[in-house]
Amino acid sequence: MMKKLALSMMLLLGIPFNSYADMQHHHHDWSYEEGEQAPDKWGKLSPKYTVCAAGKEQSPINIDSSKAITSELPKLQFEYTKIPLQIENNGHTIQINTNHQGGKLQIGDESYELIQFHAHAPAEESVDGKRAEMVVHLVHKNAAGKLAVVGVQFEEQGDTENPFLATLWKVMPQQEGDPVKFDTQIDVKDLLPADHNYYTFAGSLTTPPCSEGVKWIVLKQAVSFSAAQLEQFKEVFHHNARPIQPLNDRKVLSSN
Ligand SMILES: [Zn+2]
């Protein structure tokens, strides 16, 4: 709304159109909305985004629990550390950055550093055709640059506030802008469910450039949050989930 207003003001004042994009904090060239930049057109929007359409291991997927293969999988060891809260609205989601202080996730002998986490509503991955109301994606990177994303499903439970989310949402930036730092310390372990059993599969980033080679881990146990907490997020991002992508030849493994 504000952007449309700003744009029409500039056109009225005769300011060249392309300087409008330069003025923006981030240049948006893709969207979750219907139209020219819709998810089914991401692959055509830029030569850098072709894998969004051509890739065979795209995320998110639907997990068919009856077809998941129970396997001996390593336990997830979350070795997170307390960090000062740094939060941003990047125009596509609310994101919390760890600035290399967030600690790590150990998966067997693989070690991944927590780099950021962010939310989507509704959840992107679905299980047996059902999407949770929201998901938080914890993004980790190993020394070789490989990404491992852990999905934590959020189920709306009426009045029951999620205390960890309450700390974040209290300072949620309504408008897109630079990251904001607070003195508040957060412990990202407080976001996790008690049970760490999971599904795992090969996938991609769920936003352009949709790069593949991402290790996906979806925790089976959901955590709860309140209807008001869901509403507060949806007032800023009413729908920021990519549609479900074809599974193709991939297998989903299950830890139990
Ligand atoms: Zn995500």
Any chance region 4-26 includes a residue that's among the small types (Gly, Ala, Ser), part of a loop (DSSP other than H, G, I, E, B) and at pLDDT 95 or above?
no
Quick one: which strands (runs of 3 or more DSSP E) lie wholly within region 172-230 and hold at least 3 residues that are within 16 Å of the ligand (Cβ to nearest atom), at pLDDT 95 or above and of a type outside the set (A, V, I, L, M)?
198-204, 212-219
For region 119-145, enumerate the residues that are in a strand (DSSP E or B) and either within 12 Å of the ligand (Cβ to nearest atom) or out of contact with any strand residue (DSSP E or B) (no Cβ under 6 Å at 6 or more places or on another chain) (or both).
Ala119, His120, Lys130, Met134, Val135, Val136, His137, Leu138, Val139
Could you figure out which of (1) out of contact with any strand residue (DSSP E or B) (no Cβ under 6 Å at 6 or more places or on another chain); (2) without any contact (Cβ under 8 Å) to a residue 60 or more places away in the chain isn't true of Gln116?
(1)
For Val51, all conditions in the list (1) within 14 Å of the ligand (Cβ to nearest atom); (2) under 15 Å from Thr207 (Cβ atoms); (3) surrounded by 19 or more Cβ atoms within 10 Å (Cβ to Cβ); (4) not aromatic (Phe, Trp, Tyr) hold save one; what is the number of the exception?
(1)
Enumeration of residues in region 146-171 that are within 16 Å of the ligand (Cβ to nearest atom) and either without any contact (Cβ under 8 Å) to a residue 12 or more places away in the chain or of a type in the set (Phe, Trp, Tyr) (or both):
Phe154
Considering residues of region 59-86 that are surrounded by 11 or more Cβ atoms within 10 Å (Cβ to Cβ) and hydrophobic (A, V, I, L, M, F, W, C) only, the residue nearest to Gly177 (Cα to Cα):
Leu85
Within the bounds of region 100-112, is there any residue that is closer than 29 Å to Phe201 by Cα, surrounded by 20 or more Cβ atoms within 10 Å (Cβ to Cβ) and not aliphatic (A, V, I, L, M)?
yes
Scanning region 41-77 for residues that are of a type in the set (Val, Ile, Thr), closer than 24 Å to Val135 by Cα and over 19 Å from the mean Cα position of the chain (by Cα) gives Ile69, Thr70
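The values are calculated or read from the model by the stated rules, or taken from the named source; none is laboratory data. Computed from a prediction, not measured in an experiment: that's the story for all the values here. We place every Cβ from the backbone using ideal geometry, glycine too, and count neighbours over all the protein chains shown.
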